[in-house]
Amino acid sequence: MLHKFFLSTVLLLALLATQPASAHEYHASITDVKFNPRTQHLEVAVKVFMDDLEQLLSQRAKAKVVYSGSSAAVQQQLAAYLSTALTFELEKGKPLKSRLVGSEEEADVVWLYIEVPVQQATLRQLYIKNAILTDLFSDQMNIVNVNHMGKTESVLMQRGDTGKKLTF
């Protein structure tokens with residue numbers, strides 16, 4: 001079962017990396033989370049298709065939004081959206097504050113970088129909610145890879161199933 005999930009994750013990653021700039025037939029994001037015990041932060045990188053992100057921001061703003069990494073307004077919109085769509089908790093019901101560090105464009109995708117202070121040297125468990133773009137696309141798949149102490153665990157989240165608990 002785990003092998004099948006890993007294989008599908010690798011195939012999805014390959015498709016994301018090779019997808020041309022034109023419209024795509026599927027909706028997916030990849031989120032990489034790494035716990036840094038030295039800084040006591042989660043270091044998060046989210047990869048999403050630019051056209052999907054622009055569609056979401058435009059819908060929320062009720063005006064056309066074009067992604068720009070140097071636009072303070074776009075960065076503010078991204079931070080506001082991510083604060084509700086992507087959350088982390090050490091204890092259920094107590095979301096940690098996150099901070100959008102920045103974003104960058106790479107071909108037809110956007111990388112979003114987030115820091116989440118956890119104020120702990122070790123993690124026993126982590127609740128993750130990843131509802132990125134699930135309100136816009138019914139087929140949205142969000143793969144989350146969590147690296148803790150050199151070991152990576154991957155989970156798939158999609159509409160109706162956007163929250164997972166990981167135990168370390």
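Just so you know, all these numbers are worked out from the coordinates, no wet-lab data involved. This is a predicted model, so every value here is computed, not measured. Positions of Cβ are backbone-derived with ideal geometry, glycine not excepted, and every protein chain shown enters the neighbour counts.
Observations on the model:
- Here, the chain is characterised by an Rg to Rh ratio of 0.95, where Rg is the alpha-carbon radius of gyration and Rh the Kirkwood radius.
- Reachable aspartates and glutamates from Lys62, criterion Cα separation under 14 angstrom, eight or more residues apart if same chain: Glu54
- Under 14 Å from a label point set 7 Å out along the Cα-to-Cβ vector of Tyr26, the amide N atoms of the stretch 142-168 belong to 142-144, 156-158.
- Violating pairs (Cα-Cα greater than 24 angstrom) within the set Lys47/Lys164; Lys64/Lys97; Lys94/Lys164: Lys64/Lys97
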